[in-house]
Structures are given as C-alpha cells and as structure tokens.
Amino acid sequence: MWSLTITGKLNCRAAPWSKPIVTDAALRTGITHEFGDPALLTLALTHRSAAGAHNERLEFLGDAIIGFVIAEFLYQKFPRADEGQLTRTRATLVNRDSLADIARELELGNAIRLGEGEMKSGGWRRDSILANALEAVVGAIYLDAGLEPTRQILLQWYRERLQEHLQRHRNPLPVYETVDVQGPAHDQHFVVRCQLVTPDLSVEARGNSRRQAEQEAARLALVALQAEQEQQ
C-alpha cells in the first residue's frame, strides 16, 4: 500500500533549476489515501515531458470527477440557485487557479516527474502543470478506490473554500448584469457586472463571451471578498 503525502522536508538537486527530490518515504500528504496500486500514483505524477507513459488520460478522468463532485455539492447545498448561478459558482471553484492553489497546499509540485526541459524552466511551479497533476491524482484515486473515497478527499481539499463560499451565500446570491457589448457580431466582447448585496460589492469583468465575463467577474468578486476578510 502506498500513501500519498507530500512534505516540504526534501533534499534538493545541486542544479540551480532543480526541484526537491521526492523519495518513496517522503511521498505522503495530510490528506492520506493508501494506494492499493502504487503505479496509478506514479502515472498521475508523471508529466508528458518525461519519458514513457504520462498522466494526461488520468487528468481527463479527474477533471470530470472534480466537476461532478463539486456540482453535486452545490446542487444539494443551494436548492434555490438556478442553473446559471450553479454553473458560475462551480466555475469559480473548479478553475485552474483554484486547482493550482490546492496543489501548492499539498506541495504536489515537489512530486511531479518532469522532463529535463520542463525541469529547467521551473515547470513544477507552473499553474497549468500543477492543476493538471491534481486532476490526474483525483483520477488515480478514483480508479484505485472508487467514487465515495474520492468524494471525501476532494471535499476535504475544498473544505476551506467551500466554507468561505457557504458563509458568503448565507446572504443573497450575486446578481450578474451585462453592462456593455463591444465589437462586431463575429468578434464581440462583453462587460459584465457582478453585484453583491451583503456585503455591498460590485466588480466588472470583460470576456469574449457573456459566460466568460461572468466567470471572471465571479472570480474577481471572490478575490475581493477574501481580501476584505483578511483585513478584518
């Protein structure tokens, strides 16, 4: 059995572009899953730049599982929210930035196997690589243990973000308004305002589609709320 735990107490290569080496003994995390098939974890942590099999198929699977688990959670917790509100909220929680942040909290970058080029360029710090690796790990956990253990681990990873979200949504949900549409029909840009009632907060964002602008406005509103909470 193998436990996924990633710690910061790792040795470093001599090269200035190197990242910490992860030994079998050090491959652990606070969110422990005992892998019956350690090869799944190895595959999940292998980037396509490394030689041999890589994690992109697991990434595809994990992406779908994360989306489903968070969608199910939001559906159950917000019975009055409509489809658009649920979709925007899920997009705020399950985007590359959020996934990369979780991967950093787990120090997942220290365990990712990269090719020399990606290693030299600091790929283990890149948001896209971190987010993709996290998705692949989720896919690996699912194949190893099934949906329910994967759900429990995911919600544990998301606990702080979901708690903040739940606390915020004890107040009225945000209202989105398209305030401007620019450009010709084949190349339009949308400006959307996200308005919160409590606390009183309004942000605007642009996007190549209305949905993209709404998602960006939701993300900016969440960032603003978090900054406000830190100042309190």
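Computed values, structure above
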{"read-out": "Filtered residues of the range 108-129 (kept if among the acidic types (Asp, Glu), surrounded by 14 or more Cβ atoms within 10 Å (Cβ to Cβ) and either in contact with a Ser or Thr (Cβ under 7 Å, 6 or more places away or on another chain) or over 23 Å from residue 161 (Cα atoms) (or both))", "value": "118"}
{"read-out": "Counted residues, the range 42-55 - those being under 16 Å from the mean Cα position of the chain (by Cα) and not hydrophobic (A, V, I, L, M, F, W, C)", "value": "0"}
{"read-out": "Qualifying residue in the range 145-155 (condition: in contact with a Pro (Cβ under 9 Å, 6 or more places away or on another chain) and in the same structural domain as residue 64 (by TED's automatic domain parsing))", "value": "no"}
{"read-out": "One residue from 193, 206 being more than 19 Å from residue 78 (Cβ to Cβ), at pLDDT 75 or above, among the charged types (D, E, K, R) and under 23 Å from the mean Cα position of the chain (by Cα)", "value": "206"}
{"read-out": "Candidate set from the range 47-104 (those that are part of a helix (DSSP H, G or I), touching a His at 6+ places or on another chain (Cβ under 9 Å) and more than 30 Å from residue 121 (Cβ to Cβ)); member that is modelled with the lowest pLDDT", "value": "77"}
{"read-out": "Complete set of residues in the range 106-133 that are in a helix (DSSP H, G or I) and over 22 Å from residue 51 (Cβ atoms)", "value": "127, 131"}
{"read-out": "Residue within the range 209-232 that is over 25 Å from the mean Cα position of the chain (by Cα), farther than 20 Å from residue 80 by Cβ and modelled with pLDDT under 80 present", "value": "yes"}
{"read-out": "Matching residues, the range 63-92, being among the acidic types (Asp, Glu) and under 13 Å from the mean Cα position of the chain (by Cα)", "value": "63"}
{"read-out": "Breaking point among (1) of a type in the set (Lys, Arg); (2) buried (at least 19 other Cβ atoms within 10 Å of the Cβ); (3) at pLDDT 85 or above, for residue 19", "value": "(3)"}
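The values are calculated or read from the model by the stated rules, or taken from the named source; none is laboratory data. What you see is a predicted model; the values in this text were computed from it and never measured. Here the Cβ is made from the backbone with ideal geometry for all residues, glycine too, and neighbour counts use every protein chain on show.
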